[in-house]
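Worksheet for the structure shown next.
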Amino acid sequence: MPIGEFGRPPALPSETSPALTTPMYWMYEMAYASLNPARAMTDATRMLFQNPLNPFSQTEFGKSVTAGCELFERTTRRYGKPEWGLHDTDVNGVRTPIEIRSVWEKPFCRLLYFDRKHPRPLRAPQPRVLIVAPMSGHYATLLRGTVEAFLPTHEVYITDWSDARQVPLAAGRFDLEDYIDYVIEMFHVLGGNVHVLAVCQPAVPVLAAVSVMEAENDPYVPLSMTLMGGPIDTRRNPTAVNNLAAEKGMDWFRNNVITKVPFPHPGIMRDVYPGFLQLSGFISMNRDRHVEAHKKLFENLVKGDGDLVDKHREFYDEYLAVMDLTAEYYLQTVDTVFVKHALPKGEMTHRGKPVDPSKVVNVALMTVEGENDDISGLGQTEATHMLCSSIPDERRVHYVQKGVGHYGVFNGSRFKSEIVPRVSDFMLSAASARHRAAAAE
């Protein structure tokens with residue numbers, strides 16, 4: 001099952017997406033509620049045909065009924081936020097338990113720390129890395145594999161963005177400038193001596209945050225900045241996502257994809273780009289493949305192929321779990337990144353001040369791209385090097401991973417075996433260079 005949609009920028013609706021007005025979300029909630037009786041009946045039917053005392057339970061007819069019931073349940077379910085499922089890791093050959101806890105929190109984000117409970121002290125401290133997860137429709141657990149790959153050799157923090165429909169209107173608004181403020185505040189909370197790694201969409205606000213901090217001589221700038229598959233300059237090698245945003249224009253997005261959160265969610269009446277619409281955009285990109293995957297699920301359930309069934313469940317439990325984005329954040333991101341190309345043109349501002357990446361001097365830079373990336377086209381992330389013109393050549397690296405698409409930039413076997421070692425070495429070199437410079441002063 002291809003998973004190239006994961007980690008993409010905020011999903012753009014397909015050409016066939018219906019126009020949204022405020023009642024649309026309310027109608028969606030009513031439709032979901034109206035299915036509850038059918039779901040209850042389906043669950044009862046599945047339990048009946050799974051019962052070993054039922055003579056039909058071991059027949060092809062009985063297994064087909066059970067499989068059909070599961071398909072109905074899974075296609076009508078509302079998928080909640082997935083669990084991290086990271087309980088331990090290997091540190092220097094020792095299996096070490098992990099405690100996940102929040103070390104900073106605001107209405108729209110928590111900063112999670114994967115606290116490794118070492119049975120004995122490490123000989124030397126390991127690099128601290130802040131992973132900035134995409135705020136683009138899926139939860140931060142999307143980067144479970146990314147976190148898992150860094151845990152054996154790094155102290156890992158990650159941004160855990162909130163579902164906008166769960167944030168009360170009284171908490172205020174959240175836009176791209178607030179996102180940048182959040183990133184800066186996290187750097188301050190971590191107190192320096194940290195590396196930042198941005199996956200896809202956060203590449204723009206992270207670069208903006210570092211640029212703003214460098215312009216103000218902020219002492220808490222990170223040691224290094226690694227941007228992976230990010231839409232820094234979407235004029236380069238534009239993809240279908242980039243082209244759609246440019247063709248439609250902001251008025252179309254404002255009038256067609258923004259709606260209000262309905263009762264009974266805590267964020268009632270907040271303007272959002274809803275998760276269910278994002279999901280329709282995700283699925284429409286590869287509709288035939290999703291249909292085929294569910295046909296295979298039915299067949300494997302009937303055959304009793306537990307391994308393939310578990311793989312399907314694991315993938316779709318993550319894929320179908322989506323969250324709402326605040327309307328102001330979504331619209332400002334589309335306008336700034338995909339329509340106006342404000343950052344590469346030198347026109348982006350933050351709180352009225354210019355965002356100038358040429359001010360970045362102290363932070364080492366690494367960019368990573370996938371050869372077959374169809375979300376952030378080849379060259380879009382590399383454009384960062386041209387913008388950050390003041391960083392010395394010896395403290396900048398660009399790497400293209402052969403044979404991977406967007407998802408492979410931050411997850412999978414090649415990510416673990418080829419990208420992670422390079423990023424880790426880059427972080428160690430950046431830290432050493434910074435410390436040598438500080439000692440020389």
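The values are calculated or read from the model by the stated rules, or taken from the named source; none is laboratory data. Please read all numbers here as calculations on a predicted model, not as lab measurements. Note that each Cβ is placed from the backbone with ideal geometry, even for glycine, and that neighbours are counted across all protein chains shown.
What to note about this one:
Residue-wise test of (1) hydroxyl-bearing (Ser, Thr, Tyr); (2) surrounded by fewer than 15 Cβ atoms within 10 Å (Cβ to Cβ); (3) assigned to a loop (DSSP other than H, G, I, E, B); (4) at pLDDT below 90.
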site	(1), (2), (3), (4)
THR42	yes, no, no, no
MET47	no, yes, no, no
PHE61	no, yes, no, no
LEU112	no, no, no, no
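- If the condition is being surrounded by 15 or more Cβ atoms within 10 Å (Cβ to Cβ) and either in contact (Cβ under 8 Å) with a residue 12 or more places away in the chain or farther than 19 Å from VAL241 by Cα (or both), then the stretch 277-293 contributes LEU277, GLN278, LEU279, SER280, GLY281, PHE282, SER284, MET285, ASN286, HIS290, ALA293.
- Residue ID - surrounded by the most Cβ atoms within 10 Å (Cβ to Cβ), chosen from residues in the stretch 298-319 that are hydrophobic (A, V, I, L, M, F, W, C) and at pLDDT 90 or above: LEU301
- Residue within the stretch 256-264 that is within 30 Å of ASN372 (Cα to Cα) and either part of a helix (DSSP H, G or I) or touching a helix residue (DSSP H, G or I) at 6+ places or on another chain (Cβ under 8 Å) (or both) present: yes
- Scan of the stretch 79-93 for residues that are under 19 Å from the mean Cα position of the chain (by Cα) and either exposed (fewer than 11 other Cβ atoms within 10 Å of the Cβ) or modelled with pLDDT of 90 or more (or both), ordered by number: GLY80, LYS81, PRO82, GLU83, TRP84, GLY85, LEU86
- Verdict on ARG351 being among the basic types (Lys, Arg), touching a helix residue (DSSP H, G or I) at 6+ places or on another chain (Cβ under 9 Å) and surrounded by 16 or more Cβ atoms within 10 Å (Cβ to Cβ): no
- Test: residue in the stretch 160-172 that is under 16 Å from LEU111 (Cα atoms), part of a loop (DSSP other than H, G, I, E, B) and not polar (S, T, N, Q): yes
- Test: VAL147 is among the hydrophobic types (A, V, I, L, M, F, W, C), in contact (Cβ under 8 Å) with a residue 60 or more places away in the chain and out of contact with any Phe, Trp or Tyr (no Cβ under 9 Å at 6 or more places or on another chain): no
- Taking the criterion of being in a helix (DSSP H, G or I), hydrophobic (A, V, I, L, M, F, W, C) and either closer than 15 Å to SER136 by Cβ or in contact (Cβ under 8 Å) with a residue 60 or more places away in the chain (or both), the residues of the stretch 308-340 that qualify are PHE315, ALA327, LEU331, VAL334, VAL337, PHE338, VAL339.
- The residues of the stretch 256-297 that are at pLDDT 85 or above, of a type in the set (Val, Ile, Thr) and under 17 Å from VAL322 (Cβ atoms), listed by number, are VAL257, ILE258, THR259, VAL261, VAL272.
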